[in-house]
Amino acid sequence: MNIRRTRLRSLVACAAGVACLALTATACSSGGSSSSSSSSAPATTSAPASTSAPAATSAPAATSAPAVGSGVPAGLTGTAKTVATNWVAFFNPATPTATKITLLQNGSKFASALQAESTNPQAQTTAAKVDAVTVSGSTAKVTWDLLLSGTPVLTSQPGQAVLEGGTWKVSDASFCGLLKLQPPAPPACG
C-alpha cells in the first residue's frame, strides 16, 4: 500500500474523529468508506439532497445538540428529517459526548471512544451532510458526506440508522465501519 493511500485512510479515521488518538498530526490525512446494511422492505420516505434550510430537531435525544444548519436536506420531513437531524448532530463536533452516546446504537459501549474524540483536534473540523434518507420500518438508509473544514472528503457514503428506544440513532455497524478504517477498532466493534 502506498503512503498516499495510507494517509488517505488515516484522515478518514481522523475526520470521523474516532481512531486517531495515538497518531501524530502528520499521519492524519484522508479517505475510505463506511459500512451499511440494506433492507428488502419498500421505502416509506426518501428525499434528494438540498442544503438551504436549517434543521429542526424532533427526536428527544438530539434536543440538547446544537443546531446543525445545512447538513440536513431541506426537502426532508417527518421521520426522514429526524433521522437526518440526529445523524448530523452525532457527527457535529459541538455536540456533547453525552448526547452523542444517546444518538449511537449501543452508544454506552463506545463512550470511551466518543470521549476521546471530543479532545481530538482533527475531529473538531469534521461534520456530516446528509444527502438522502430512505426509511423502512425501524431502519433507515442514509446517504451522506463526511466534511473536513466544510469540504467533502468522503461523498455518497452509505450508512444506516436504527430506531432504538424511540430515538433514531446512527447504527453501530455504520460507526464501526469508520472506526475500522484506522485499526485498532474498539472491542465494541467486534
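Look at residue 70 and say whether it is surrounded by fewer than 19 Cβ atoms within 10 Å (Cβ to Cβ), in contact with a Ser or Thr (Cβ under 8 Å, 6 or more places away or on another chain) and part of a strand (DSSP E or B).
On the way: surrounded by fewer than 19 Cβ atoms within 10 Å (Cβ to Cβ): yes; in contact with a Ser or Thr (Cβ under 8 Å, 6 or more places away or on another chain): yes; part of a strand (DSSP E or B): no.
Spelling it out, it is not the case that residue 70 is surrounded by fewer than 19 Cβ atoms within 10 Å (Cβ to Cβ), in contact with a Ser or Thr (Cβ under 8 Å, 6 or more places away or on another chain) and part of a strand (DSSP E or B).
Which one of the conditions (1) closer than 19 Å to residue 176 by Cα; (2) surrounded by 23 or more Cβ atoms within 10 Å (Cβ to Cβ); (3) in contact (Cβ under 8 Å) with a residue 60 or more places away in the chain; (4) not charged (D, E, K, R) does residue 133 fail to meet, given that it meets all the rest? Checking residue 133 against (1) closer than 19 Å to residue 176 by Cα; (2) surrounded by 23 or more Cβ atoms within 10 Å (Cβ to Cβ); (3) in contact (Cβ under 8 Å) with a residue 60 or more places away in the chain; (4) not charged (D, E, K, R), the one that fails is (1).
So which of 139, 77, 102 is modelled with pLDDT of 90 or more, exposed (fewer than 14 other Cβ atoms within 10 Å of the Cβ) and of a type outside the set (Phe, Trp, Tyr)? Explain how you work it out, then say what you get.
Values: 139 fails: exposed (fewer than 14 other Cβ atoms within 10 Å of the Cβ); 102 fails: exposed (fewer than 14 other Cβ atoms within 10 Å of the Cβ).
Only one candidate passes the filter, namely 77.
Here residue 90 meets the list (1) within 21 Å of residue 185 (Cα to Cα); (2) in contact with a helix residue (DSSP H, G or I) (Cβ under 6 Å, 6 or more places away or on another chain); (3) modelled with pLDDT under 95 almost entirely, failing just condition (3). When the criteria are applied in full, residue 131 fails the requirement of being in contact with a Lys or Arg (Cβ under 7 Å, 6 or more places away or on another chain), charged (D, E, K, R) and within 20 Å of residue 71 (Cα to Cα).
Against the condition free of Cβ contacts under 8 Å to residues at least 40 places away in the same chain and part of a strand (DSSP E or B), how does residue 155 come out, does it pass? Here the answer is yes, as residue 155 does meet what is asked.
Would you call residue 123 among the hydrophobic types (A, V, I, L, M, F, W, C), surrounded by 19 or more Cβ atoms within 10 Å (Cβ to Cβ) and outside any helix (DSSP H, G or I)?
Here the answer is no, as residue 123 does not meet what is asked.
The values are calculated or read from the model by the stated rules, or taken from the named source; none is laboratory data. All values reported here derive from a predicted model rather than from experimental measurement. Cβ: placed from backbone, ideal geometry, glycine included. Neighbour counts: every protein chain shown.
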